[in-house]
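Only one structure is covered here, and it is reproduced in the block below.
The values are calculated or read from the model by the stated rules, or taken from the named source; none is laboratory data. Given the structure is predicted, the values throughout are model-derived calculations rather than measurements. For neighbour counting, all protein chains shown are included, and Cβ atoms are generated from backbone atoms with ideal geometry for every residue, glycine included.
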Amino acid sequence: MVACSIMLKTRKRSCCILMLAIVQLLALASYAQGQPASNLRKKLIPASPSIQIIDTLSIVPKTFSIAGVPPESYKIDEAAATLYWLRQPNEDSVWISYRIFPFHLKPVLNRFNYDSIQNNFLGNPFVFNGNKQQEEGGIF
């Protein structure tokens, strides 16, 4: 009877330690993802170039603001996360704050640059001439 109660206590203790280790591993795994807990970003950016790429992800509409600069002084493309200065501020750098989507809404969709593959075609493409029948033969 005493041996049974000792086994139950050690079994409970080992189960409790195992559960604690699993919780710690899950917390560590979520921390290791590298993603911040919030989608709010605040940055100090230079005010000198007239066009600036703010982020690699898209900005949530109507969340972008620049401290001390009126909204009439800039234009923002939220999907491309690009800032266009209409009137540059007098300061050399400004604080911006905005929220982001977890993805980019305007990704680059081409796999190849045409200049790199233009000479890789095997034959000449067919050119349609309207209703005129080609003298050298048609499609058939």
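What to note about this one:
- On inspection, K62 does not qualify as at pLDDT 90 or above and outside any loop (DSSP other than H, G, I, E, B).
- Search result, residues across the range 70-79 that are assigned to a loop (DSSP other than H, G, I, E, B) and surrounded by 16 or more Cβ atoms within 10 Å (Cβ to Cβ): E78
- Scanning the range 45-69 for residues that are over 24 Å from P102 (Cβ atoms) and either exposed (fewer than 14 other Cβ atoms within 10 Å of the Cβ) or among the β-branched types (V, I, T) (or both) yields a total of 8.
- Annotation: of all residues in the range 36-86 being touching a strand residue (DSSP E or B) at 6+ places or on another chain (Cβ under 8 Å) and of a type in the set (K, R), the one that is nearest to H104 (Cα to Cα) is R41.
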